[in-house]
Amino acid sequence: MKSHTPRLLLIKTGDSFPDVVAKHGDFEALFQARLPDHELTVWDAREDAQRDTLPPEHAEFDGVLITGSHAMVSDGDPWSEALKPWLHEACERDLPILGVCYGHQLLAEALGGKSGYHPDGREVGTFEVALTEAGQADALLGALPNRFPAHLTHAQSVLTPPAGAVVLACNAHDPYQALRLGPRQWSVQFHPEFTSPVMRDYLEHQREGLGEAGQNVEALCEGIHATPEANDLLEHFIALLEKSPADSR
């Protein structure tokens with residue numbers, strides 16, 4: 001089947017640190033840099049909630065990406081709660097979705113799961129992620145090696161996946177590093193849009209708190225390195241959108 005250029009919606013759920021934005025761009029810029037041949041329509045869900053404007057129509061897009069955020073899903077911010085029904089309907093319509101970090105946690109909650117603070121604290125740095133057997137056979141995650149490094153920075157995690165969700169990846173810290181939430185709906189805790197310099201800057205911002213929590217910050221800094229396989233996940237997602245729905249299940 002002939003491929004087509006997908007119409008992409010990026011749901012922006014937060015801003016990065018001001019110095020990170022100045023040096024590397026905000027979250028939407030990081031996603032756009034990974035997809036230079038594709039135009040992203042950015043919907044800032046926070047601003048729309050404040051203005052009481054209508055959200056985008058699901059039918060206007062072929063795929064959805066959801067950014068991370070410095071907000072916490074369990075805080076139940078009004079804009080975040082208002083986004084849940086939109087995401088639930090998107091899944092019901094089988095609109096392809098890839099949620100990242102906050103997007104991972106919010107999607108899980110929108111579909112009946114539970115997200116909140118990880119009992120073992122923050123995970124910040126570059127860590128190995130392993131595919132489950134289901135992940136190795138998955139249309140999206142299966143394009144990655146069985147084990148690969150990924151950039152992570154999060155205090156909250158998916159604590160209970162929604163009913164019917166399939167666990168696609170895990171690591172030593174988090175058993176739910178990646179989920180398939182529907183036929184063409186995925187979410188990951190790690191950041192496929194991050195570069196190593198971005199990860200280093202995030203680690204510096206959290207240096208004091210991590211040290212107080214007993215983590216070896218210098219070792220975390222030394223452990224930061226390129227994550228080409230994780231970065232490729234965004235291109236793999238777009239490639240699936242360019243195929244027929246049957247090919248991406």
ask   = From the residues in the range 170-220 that are surrounded by fewer than 15 Cβ atoms within 10 Å (Cβ to Cβ), free of Cβ contacts under 8 Å to residues at least 24 places away in the same chain and not charged (D, E, K, R), which one is nearest to residue 92 (Cα to Cα)?
value = 175
ask   = Out of the range 147-167, which residues are of a type outside the set (Ser, Thr, Tyr) and within 26 Å of residue 203 (Cα to Cα)?
value = 147, 148, 149, 150, 151, 152, 154, 155, 156, 158, 159
inquiry  = Among the residues in the range 181-189, are any in contact with a Lys or Arg (Cβ under 6 Å, 6 or more places away or on another chain) and assigned to a strand (DSSP E or B)?
reply    = yes
request  = Hey, can you tell me all the residues within the range 200-214 that are touching a helix residue (DSSP H, G or I) at 6+ places or on another chain (Cβ under 9 Å) and assigned to a loop (DSSP other than H, G, I, E, B)?
outcome  = 206
key: Set 99, 103: member being at pLDDT 95 or above, in contact with a strand residue (DSSP E or B) (Cβ under 9 Å, 6 or more places away or on another chain) and in a strand (DSSP E or B)   = 99
task = Considering only residues that are surrounded by fewer than 18 Cβ atoms within 10 Å (Cβ to Cβ) and in contact with a strand residue (DSSP E or B) (Cβ under 8 Å, 6 or more places away or on another chain), look in the range 56-83 and name the one that is modelled with the lowest pLDDT.
result = 56
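Report the residue count in the range 128-157 for those that are assigned to a strand (DSSP E or B) and among the polar types (S, T, N, Q).
So the count comes out to 3.
Kindly indicate which of 116, 125 is within 17 Å of residue 13 (Cβ to Cβ) and small (Gly, Ala, Ser).
From the options 116, 125, the qualifying one is 116.
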request  = Would you check if residue 125 is more than 21 Å from residue 5 (Cβ to Cβ), over 15 Å from the mean Cα position of the chain (by Cα) and not in a strand (DSSP E or B)?
outcome  = no
ask   = Scanning the range 133-152 for residues that are without any contact (Cβ under 8 Å) to a residue 60 or more places away in the chain and within 18 Å of residue 107 (Cβ to Cβ), which turns out nearest to the chain's Cα centre (by Cα)?
value = 152
ask   = For the subset of the range 84-125 comprising residues that are surrounded by 17 or more Cβ atoms within 10 Å (Cβ to Cβ) and of a type in the set (Asp, Glu), which member is nearest to residue 158 (Cα to Cα)?
value = 109
message = Scan the range 231-241 and tell me whether some residue there is part of a loop (DSSP other than H, G, I, E, B) and modelled with pLDDT of 95 or more.
response = yes
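The values are calculated or read from the model by the stated rules, or taken from the named source; none is laboratory data. Remember, it's a predicted structure, so these values are computed and weren't measured experimentally. Glycine also receives a Cβ, built like all others from the backbone with ideal geometry; neighbour counts cover every protein chain displayed.
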